[in-house]
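First comes the structure, then the notes that go with it.
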Amino acid sequence: MKKLKLLSFALYDAGETILGALLFSTLYPLYITQHIEVKTYSFLYGFTFLLSFLIALQISRVADQKALRKPLFAIFSLSMVLLCLFLFFTFEKVKLNFFLYLLLALFHQQALIFYNSLLRSFDKRGFASGFGVAFGYVGSALSLILLAPKLSLPYAFLWLALIFFLFCMPSILFLSEPSERQRVSLGEILKDKSFLLVLISMLLLMELAHTMIAMMGIYLRDVYGFGKEEVYRIIGFSAFGGVFGGILWGKLTDRLSASKLFPFGFFLWSALLVSLYMVPKALVILVGLLAGFSLSHLWTTSRVLLIEKFAKGDIAVRFSFYSLSERIASSFGLFAWSFFLYATGGNYKLSVLLMLIFPLSGSFLYFISKR
């Protein structure tokens with residue numbers, strides 16, 4: 001039964017990653033920006049994440065108080081399947097279709113919050129988290145290589161609904177509800193200085209992660225002169241680092257604790273930034289491997305750290321803040337990167353080196369939180 005739970009958790013991670021890589025990152029943005037302006041899409045999509053956080057705070061408080069994390073996880077996950085089907089049937093009605101897509105994005109965030117909270121029910125949370133990360137990398141790589149070239153809207157909605165349904169059902173059937181219940185006070189959480197400092201230190205690393213994911217292809221093209229196929233190969237090779245890292249970091253987290261292992265990420269990301277500044281073109285593929293390795297460390301250890309160090313019966317509410325941190329990171333890191341490029345006159349390498357301020361500041365805040 002333990003192995004079945006572990007596999008179920010990992011399959012959901014893979015299904016969610018496939019949905020993110022194909023629908024949220026590529027197919028739908030390319031489609032909808034043919035009908036509405038990019039700035040309108042960006043604003044409404046970003047507003048959806050803010051709204052998702054406000055809704056999550058209220059729902060997660062009820063979930064923590066009455067131990068309803070798994071039922072809500074199941075409801076939001078199955079609703080995502082239905083919304084994918086509705087996107088197919090409303091494809092010709094652009095405004096309605098876009099509204100349903102934003103609703104899908106909102107439900108996706110709610111499902112992830114409760115999915116992460118179910119990690120509490122595992123004895124070996126580190127390996128479960130890392131195994132899920134590894135499956136997520138496999139799902140992302142296979143979907144972009146095998147599925148993306150063959151899918152087109154609107155029929156992609158049907159395929160994605162089926163794929164996500166198949167990948168999420170084992171989790172709905174076999175994952176268990178954490179037993180803790182707690183009446184949650186948001187005021188007490190906001191007064192928890194250690195929690196807020198750790199969350200900000202995570203945010204600083206997440207900013208690097210999201211910036212690298214968004215800009216790595218451009219960096220490889222403009223700095224090293226790689227063509228499209230070479231960029232795909234290097235980014236694809238980084239997935240091997242992610243798969244290997246997910247398993248390794250998961251096992252080490254269980255053996256050493258997330259509190260001891262998470263700070264190693266500040267060194268990893270610093271090493272990655274220095275490597276991008278110094279490494280010659282012939283060795284860049286090794287930097288890709290290090291990038292995947294660093295990403296898997298962050299995703300594996302951060303959610304376990306939240307459970308290990310802070311969450312008791314208020315686990316869903318804590319993960320609402322974690323989810324908000326990810327959303328902030330996805331935009332703020334890009335703003336910082338743009339500012340550094342502007343300040344250095346478009347010097348990519350120097351801008352990368354200046355991003356060291358994020359892991360250095362994060363490590364400082366993390367060690368203050370321990371005091």
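No lab work stands behind these numbers, since they all come straight from the coordinates. Owing to the predicted nature of the structure, the values given are computational and were not obtained by experimental measurement. A quick note on method: Cβ atoms are made from the backbone with ideal geometry, for glycine too, and the neighbour counts reach across all protein chains shown.
What the Cα convex hull of the chain gives, in volume per residue, is 133 Å³. Binning the alpha carbon pair distances of the range 300-344 at 5 angstrom intervals from zero yields the distribution 5, 19, 20, 16, 12, 10, 10, 5, 3, 0, expressed in whole percent.
Sorting the segments 183-189, 316-322 by their mean number of nearby beta carbons within 10 angstrom, highest to lowest, gives 316-322, 183-189. Annotation for L173 and L54: the two label points, set 7 Å from Cα along the Cα-Cβ direction, are 3.9 nm apart. Counting only lysines at least 8 places from K95 when in the same chain, those with an alpha carbon closer than 28 Å to its own are K39, K150. Along its principal axes, the range 254-334 has C-alpha extents of 50, 33, 15 angstrom, given from the largest down. Each pair of Cα atoms in the range 24-90 enters the Kirkwood radius, and Stokes-Einstein at 20 °C and 1.002 mPa s then converts it into a translational diffusion coefficient of 151 µm²/s.
For F89 and A271, calculate 0.36 nm times their separation in residues minus their Cα-Cα distance, and state this gained length in nm to one decimal.
That pair, F89 and A271, stretches by 60.7 nm at full extension.
Starting from one equal scatterer on each C-alpha and no solvent at all, send me the Debye-based log10 I(q)/I(0) for the range 83-167 at q = 0.23 Å⁻¹, two decimals. Cα-only, vacuum Debye calculation for the range 83-167: -1.19.
Using the alpha-carbon positions of the range 68-113, Rg (one decimal) and Dmax (whole number) come out as 11.3, 37 Å.
Most mobile of Q182, Q110, Q34 per a Gaussian network model of the chain (Cα springs, under 10 Å)? Its mean-square fluctuation being the largest, the pick is Q34. Based on alpha carbons, the Rg and Dmax found for the range 8-174 are 16.0, 49 Å. Once you put a point 7 Å from the Cα of L158 and another 7 Å from the Cα of K2, both along the Cβ direction, what distance in nm separates them? In this crude label model, L158 to K2 measures out at 4.4 nm. Panel values: the range 199-278, Kirkwood radius from alpha carbon pairs, Stokes-Einstein at 25 °C and 0.890 mPa s, translational diffusion coefficient 172 µm²/s. Each of the peptides 325-335, 11-21 was scored by the mean count of other Cβ atoms within 10 Å over its residues; in descending order, highest first, they stand as 11-21, 325-335. Which of the trypsin sites (Lys or Arg not before Pro) found in the range 25-111 are in a DSSP loop and have at most 12 neighbouring Cβ atoms, other than their own, within 10 Å? Qualifying residues, ordered by number: K93.
Largest first, the extents of the alpha carbon coordinates of the range 85-233 on the three principal axes equal 49, 44, 33 Å. With no solvent and one equal point scatterer per Cα, compute the Debye intensity ratio I(q)/I(0) for the range 186-370 at 0.18 Å⁻¹ and report its log10, rounded to two decimals. Relative scattering, expressed as log10 I(q)/I(0), comes to -1.20. Modelled spin-label separation between S338 and F244, with each label point placed 7 Å from Cα along the Cα-to-Cβ direction: 3.6 nm.
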